Amino acid sequence: QVRLVESGGGLVQAGGSLRLSCVASGIIFRHNYMAWYRQAPGKQRELVAGVSSGGDSTTYVDSVKGRFTISRDNDKNMVYLQMNNLKPEDTAVYYCNTKYNPYNIWGQGTQVTVSS
């Protein structure tokens, strides 16, 4: 059974930092592209950041470039999202994601709330 479990969300003031973690099981983790998405109330889920299977290539949505960093540890089956200089507009539920063909696999999500 493929499973993704996120942790690390919480309430933080604007300008603060959080580090999200996601542990994967049931897949050959080092083969998988991993991503973080987020969904704010009333908005569509959006891709925040992605990292290649080897960790050498990353992508970010423009709104988080320079503030967020995605990384992975293939020995621990973990992917991380370091979020710095958080803004109120970063408030959302953050989801870990991967593909296990033909399925799109999601974690349960972790809430990030940034107060102004």
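A few remarks follow.
- Residue tally, condition open to solvent by 40 Å² or more (accessible area, probe 1.4 Å), of a type outside the set (F, W, Y) and either touching a strand residue (DSSP E or B) at 6+ places or on another chain (Cβ under 9 Å) or not in a loop (DSSP other than H, G, I, E, B) (or both), over segment 86-114: 8
- Cβ pairs under 8 Å, 6+ apart, first in segment 60-78 and part of a helix (DSSP H, G or I), second of a type in the set (F, W, Y) and modelled with pLDDT under 95: none
- Candidates L20, L4, filtered to the one that is touching a Cys at 6+ places or on another chain (Cβ under 7 Å) and either open to solvent by less than 60 Å² (accessible area, probe 1.4 Å) or acidic (D, E) (or both): L4
- Only one of the numbered conditions (1) closer than 25 Å to S115 by Cβ; (2) open to solvent by 40 Å² or more (accessible area, probe 1.4 Å) is not met by Y33, and that is (1).
The values are calculated or read from the model by the stated rules, or taken from the named source; none is laboratory data. Keep in mind it's a predicted model, so treat the numbers as computed, not measured. All Cβ positions, glycine included, derive from the backbone under ideal geometry; neighbour counts span all protein chains shown. Note: accessible area is taken over every heavy atom of the protein model, side chains too, but ligands, DNA and RNA are not part of it. Shrake-Rupley method; radii C 1.70, N 1.55, O 1.52, S 1.80 Å.
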